[in-house]
Amino acid sequence: MTAPLDAARLKAALTGTYAQVDVVESTGSTNADLRAVGQAGGADRTVLFAEEQTAGLGRRARHWVSPPHTGLYVSVLLRPDVPAQRIPWITLLAGVALVRTARGIGVDAVLKWPNDLLANGSKCAGVLAEADGGVVLGMGLNVAALPGDVPPGAGGLPATSLEQQGATTTDRTKIAIDLLKNLAELDDAWRREHGDPIAAGLHAEYRRHCSTLGQRVRVELPADRELVGTAVEIDTDGQLVVRADDGSRHSVHAGDVVHLRSAAG
């Protein structure tokens, strides 16, 4: 457990970059709260932090464990004026912001496609974006050491935290400011290029941090299907390109990826 978030410090650092920044002690889900704000016409870059979530969700409606005063649980309402087919890049953009933030405090973090933040093979953070009255981008980042009873995620991926991975600080207010500044910088560049991830430099930066590329993977797809092969590329729509064992190539836009081993191993 760490000190409470300093709402005044957050607002002072982020005002001008974000339309509104609020901190609540507890809520069911910051994403659910901001979906309601978005439906009511809330402003682009409205931010909500919660010290605790009682019904936080990850991708595919999985429960996200959100112990009080331990991590960062934040959602951002975004209204980017970009082509619809570029909107999926928001979650990859968030992944890059998380990597920048973790590396800035000494954690050797990487990304598992599409946006899981990993350190030493364990998961530090996840991202969930929902299009409803704008795009609501939710991020859950484990900061302080976790209790021992946090269940593993998809594919048996264990949970970890920045503190457990040697972070130079566990000041959640500082980390929150760094994260949202990184997010805004990436988002600004992406919007300037009308959502083009290559022109914005986002595609190249994402690829540099993506540990999935070159790995032999199993992709767990909807309807209990799966794809096994080698992850060979991230395409311009943010999809993972997998070369199956029969040589065929498949572009995956959604699914749980399990790293099996290096393709050269």
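The values are calculated or read from the model by the stated rules, or taken from the named source; none is laboratory data. Since the model is a prediction, treat every value here as computed from it, not as a measurement. Every residue, glycine among them, receives a Cβ derived from its backbone with ideal geometry; neighbour counts consider all protein chains shown. Surface areas here come from the heavy atoms of the whole protein model, side chains and all, with no ligands, DNA or RNA. Shrake-Rupley method; radii C 1.70, N 1.55, O 1.52, S 1.80 Å.
Annotations for the structure displayed:
- Bridging of Lys123 to lysines at a Cα separation below 28 Å is possible for Lys112, Lys174, Lys181, once same-chain residues fewer than 8 apart are set aside.
- Of Leu227, Leu202, Leu141, the one that fluctuates the most in a GNM where the chain has Cα springs shorter than 10 Å: Leu227
- Student exercise, the stretch 10-149 dipole from Lys, Arg, Asp, Glu Cβ charges, in Debye to nearest 20: 440 debye
- Across the stretch 235-249, computed HN-Hα scalar couplings (Karplus, 6.51 cos²θ - 1.76 cosθ + 1.60, θ = phi - 60°) run 7, 6, 9, x, 7, 8, 9, 10, 8, 6, 5, 8, x, 6, 10 Hz from first to last residue, x flagging Gly and Pro.
- Partner aspartates and glutamates for Lys11 [C-alpha distance under 12 Å; skip if fewer than 8 residues away on the same chain]: Asp22
- Cα shape, the stretch 94-179, gyration tensor, a/c 1.5 rule: oblate
- Taking a sphere under 15 Å around the Cβ of Gly195 and counting the other residues whose Cβ falls inside, with K and R at +1 and D and E at -1, yields a net charge of -4.
- A 1.4 Å probe run over the chain, with the rest of the protein chains in place, finds 42 Å² accessible per residue.
- A simple packing score, the average count of other Cβ atoms within 10 Å per residue, orders the peptides 247-260, 166-179, 87-100 as 87-100, 166-179, 247-260, with the highest score first.
- Surface composition of the chain: carbon and sulfur atoms hold 49% of the protein heavy-atom accessible area at a 1.4 Å probe.
- Cα gyration tensor, the stretch 1-54 - rounded (a/c under 1.5), prolate or oblate: oblate
- Overall, the chain carries a charge dipole of about 380 debye about its Cα centre when +1 sits on the Cβ of Lys and Arg and -1 on the Cβ of Asp and Glu, all other atoms neutral.
- Most positive-pole-ward Cα, Leu227, Val241, Val258, against dipole of the stretch 171-258 from beta carbon charges: Val258
- The distance linking the stretch 33-56 with the stretch 84-147 is 17 Å (Cα centroid to Cα centroid, whole angstrom).
- Ranked packing of 186-194, 118-126, most packed first, by mean Cβ within 10 Å: 118-126, 186-194
- Among Pro80, Pro197, Pro151: highest mean-square fluctuation, GNM of the chain, C-alpha pairs under 10 Å: Pro151
- Note on the chain: GNM, Cα springs under 10 Å; of Arg79, Arg35, Arg225, the largest mean-square fluctuation is that of Arg225.
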